[in-house]
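The values are calculated or read from the model by the stated rules, or taken from the named source; none is laboratory data. Keep in mind it's a predicted model, so treat the numbers as computed, not measured. Here the Cβ positions follow ideal geometry from the backbone for every residue, glycine too, while neighbour counts run over all protein chains shown. Remember, those area values only see protein heavy atoms, side chains included, never the ligands or the DNA or RNA. Shrake-Rupley method; radii C 1.70, N 1.55, O 1.52, S 1.80 Å.
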Amino acid sequence: QDSQVSDTETITDGHRWPRQNSLSMREWDIPYDELQIGDEIGAGRFGKVYRGYWHGDVAIKVLNMEYVNDEKTLEHFKMEVSTFRKTRHENLVLFMGACMKPPRLAIVTSLSKGNTLYTLIHLRKDKFNMNKTTIVAQQIAQGMGYLHAKGILHKDLKTKNIFLENGKVVITDFGLFSVTKLCHGNRKGDSLGIPPGWLCYLAPELVRSLHAHQAHNEDLAFGKASDVYAFGTVWYELLCGEWPFKGQPPEAIIWQVGKGMKQPLANLQASRDVKDILMLCWSFHAKDRPDFIRLLNILDKLPKKRLARSPSHPIHLSRSAES
Ligand code: ATP
C-alpha cells in the first residue's frame with residue numbers, strides 16, 4: 001500500500017514518485033515470475049535479451065544488475081520505462097511492460113521476428129534498390145519524427161536497432177542509452193570504451209565531447225539533431241552496404257568527424273538529391289541538420305515509382321522491390 005505524501009506524490013518501494021507517474025507505472029509492472037524466459041537471443045551493453053512468453057511471444061531485456069544496484073540506476077530505469085510507455089507507433093517496438101523490482105529489472109517488448117537492418121546489410125549483404133531504400137528510410141523517419149514529437153530522443157539509432165519485418169520498419173532501444181551506460185559490467189569495446197560500429201553514428205558535437213565525457217562521466221550532449229546525424233549514417237548504410245569511414249581506426253574517425261570532415265561520396269552512384277540528404281544530416285553544426293518532418297518531405301520528393309499507400313498500412317517491400 002502506498003503512503004500518500006502530498007497531493008502530488010506517492011512513495012512506492014521507498015521511492016518518491018509524482019502521483020500520476022506512480023499510479024500509471026504500476027500498470028506496466030510485470031511480476032518476474034509471470035515471465036517464461038526462453039533462449040537467449042543475444043547480449044548487448046544493456047544486458048541479455050531473451051525470447052520469452054508473456055501472453056504471447058515477447059522479447060525480454062534483462063538488465064545486468066551485477067555491478068549496479070544503487071538507487072540512481074533504479075531511478076534511471078524507471079524513468080526510461082516511463083518514457084517507453086508513452087510510445088505507440090507502428091514503426092516503434094511495442095512496449096508491453098517491465099519488471100521493476102531489483103535485482104530483477106527487465107523490459108518486455110514485442111518480439112521482432114524479422115531481421116535487423118544490420119543483419120540484412122552487413123551480414124547477409126542484401127542490396128537495397130532506391131525504392132526500397134527510400135521506403136525504409138521513410139518509415140524510420142516516421143518513427144523518429146513521432147519520438148521527437150513526444151520529446152523523446154533515441155540516442156542510439158543504428159541499423160542494429162532497426163528491424164525489418166515483412167517490409168515494416170520497427171525501431172527498438174530508444175531512450176535506453178542512459179541505462180546501458182550504467183551497466184559497466186557489460187561494457188564492450190576498445191580502450192576508449194567505444195563499442196564497435198558505434199562511432200560512425202555519433203555527431204561531431206558528441207565526438208568532440210567524448211574525452212571530456214570519459215573523464216567526468218557526464219552524459220553526452222544528445223539532442224534531436226544528433227539523432228538526425230545517426231539517421232544520415234543509416235541512410236548511407238542503406239545506400240552503400242557499408243559504414244562510413246569503413247576500416248579506419250576509431251582515433252582517425254574521431255579526428256575527422258570532430259573537424260567536420262565527412263565520408264567522401266565520390267564513389268557513391270546516386271543522384272544529387274540522395275547525396276544531399278547525407279550532407280544535410282551530417283551537417284557539422286546541429287542547427288543546420290533538418291528535422292524528421294523536413295526529411296520526410298525531402299524523401300517524399302525523391303523520384304521513385306509511386307505506390308498507392310497510406311501511413312497506417314505497412315508497405316510491403318517485396319512488392320515495391322519488384323515493381
Ligand atoms: P548494443 O548493446 O551495442 O546496442 P545490440 O543492439 O546487439 O548491441 P541489444 O539491443 O541488447 O544489443 O540486443 C541483443 C540482441 O537481441 C540483438 O541480436 C538484437 O537484435 C536482439 N533483440 C533486441 N530486441 C529484440 C526484439 N524486440 N525482438 C527480437 N530480437 C531482439
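Values computed for the structure shown
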item: Heavy atoms of Glu90: accessible area, 1.4 Å probe, square angstrom to 10; result: 60 Å²
item: Accessible-area ranking of His76, His55, largest first, probe 1.4 Å; result: His55, His76
item: Residues Gln36 and Lys127, FRET efficiency given R0 of 45 Å [Cβ-Cβ distance, rounded to 0.05]; result: 0.70
item: Lys150-Glu90 FRET efficiency (beta carbon distance; Förster radius 25 Å; 0.05 resolution); result: 0.95
item: With DNA, RNA and ligands ignored, accessible area of Asp276 (1.4 Å probe; Å², nearest 10); result: 60 Å²
item: Förster-model FRET efficiency, 51 Å R0, Asn297 and Ala252, C-beta, rounded to 0.05; result: 0.90
item: Largest-first ordering by accessible area, 1.4 Å probe, given options Ile107, Ile37; result: Ile37, Ile107
item: Residue pairs, from the table Lys150/Lys259; Lys72/Lys150; Lys101/Lys158; Lys125/Lys246; Lys127/Lys168; Lys48/Lys101, whose Cα atoms sit over 26 Å apart; result: Lys150/Lys259; Lys101/Lys158
item: With DNA, RNA and ligands ignored, accessible area of Arg294 (1.4 Å probe; Å², nearest 10); result: 110 Å²
